[in-house]
Amino acid sequence: MNSHKHARLTAKGRALLVKRVTEEGWTVREASEAAGVSQRTGFKWLARFREEGEAGLADRSSRPRRCPHAIPPERKEYWESLRRQRWPQWRIAAETGNSLASVSRHLRRIGLARLKSLDPVEPVVRYERATPGELLHIDTKRLGRIDGIGHRITGQRQHRSRGIGWDSVHLAIDDHSRVSFARIKADETATSCVQFLREAVAYYASLGVRIDRVMTDNGSGYKNAFRAACVELGIRHLRTKPYTPKTNGKVERFVQTSLREWAYARPYESSAQREAALQPFIHRYNWHRPHSAINHQPPMTRIPAMNNLLKLNT
């Protein structure tokens, strides 16, 4: 326990007072005056030392040993039982005749202040495909087009680029190796999604990897035309559970990494400048950047056909 800011003595100061009395022959009055405390205080610490030793010189809690007006434990257990039946706090207070503040304080102390705390935590399901190409995660991210550095950086609000449209970044990442692929398209329509799928399949084929399955969300660009392209390419199309982005978590994480290390990494003067920086980022991500999920090795280390090239590319 920490001493309060007006305390004259700390544990070391009390030990010094006791030492002067017991070992150096000082009187309690002299040791107390030297420490800047009353003689009564000096006798108090000397008595505690003789009863408890050095432990008696430590701070003690000022909380009373008993409180007649304290809420009994049985009442608090009753509050908890009602809360676990999803009763709101105001109803518990009205039912038991206690104040809402007391009920709220106790429920917060035991971690039941919010109703969502009553719901069981879903276990985190982590998986990884055994070989490259078994599963390819695909997602898109819209980014506003750039026409000059924005006012949040320059501080000049006179220059604003409103209504100039959006760019759609299509991203893919292999489940096993984490080798990534990305292209910027004009939109997120089925035509762009199918075109990106074909480009991604061709890219992984150049690495000696055949794509067996593709996982996407339930966006409009991943419906009939996309499904037909998957059938044509001999790929099984998997879709995530609605409103559950964590099902496609690897590409969701890759989107965040791309935004942090590429899209928002530095100020760009134009969309073309940002697009020109995309492929160098993807190259660094695949060939040089350590990945924590694969023992801090670059993703290309998990592509068998690229191991020799990786040694030359480092």
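The values are calculated or read from the model by the stated rules, or taken from the named source; none is laboratory data. Note that the structure is a prediction, hence the values are computed from the model and not measured. When we count neighbours, we look across all protein chains shown, and the Cβ atoms used for this are built from the backbone with ideal geometry, even at glycine.
Within the group E24, E33, which residue is modelled with pLDDT of 90 or more, over 17 Å from D59 (Cα atoms) and not in a helix (DSSP H, G or I)?
Matching residue, one of E24, E33: E24.
Taking segment 88-112 on its own, how many of its residues are in a loop (DSSP other than H, G, I, E, B), buried (at least 16 other Cβ atoms within 10 Å of the Cβ) and either at pLDDT 95 or above or among the aliphatic types (A, V, I, L, M) (or both)?
1
Residues G25, G13: which one is farther than 30 Å from K116 by Cβ and either in contact (Cβ under 8 Å) with a residue 12 or more places away in the chain or of a type outside the set (G, A, S) (or both)?
After ruling out the rest, the residue left standing is G13.
From the list P290, P299, P242, P267, exactly one residue is exposed (fewer than 15 other Cβ atoms within 10 Å of the Cβ) and in contact with a His (Cβ under 7 Å, 6 or more places away or on another chain). Which is it?
Of P290, P299, P242, P267, the one residue that is exposed (fewer than 15 other Cβ atoms within 10 Å of the Cβ) and in contact with a His (Cβ under 7 Å, 6 or more places away or on another chain) is P290.
Scanning for something within 30 Å of T257 (Cβ to Cβ), in contact with an Asp or Glu (Cβ under 7 Å, 6 or more places away or on another chain), touching a residue at least 12 places away in the same chain (Cβ under 8 Å) and surrounded by 15 or more Cβ atoms within 10 Å (Cβ to Cβ), does segment 120-128 turn up at least one residue?
No: zero hits.
Could you please tell me which pairs satisfy a Cβ distance under 7 Å, a separation of 6+ or placement on different chains, a first residue in segment 66-80 that is assigned by TED's automatic domain parsing to the domain that holds A94, and a second residue that is of a type in the set (A, V, I, L, M)?
Short answer, once both residue conditions are applied: W79/I92; W79/V103; W79/L107; E80/I110; E80/L112.
Count, please, the residues in segment 163-208 that happen to be in contact with a His (Cβ under 6 Å, 6 or more places away or on another chain) and over 22 Å from G133 (Cα atoms).
So the count comes out to 1.
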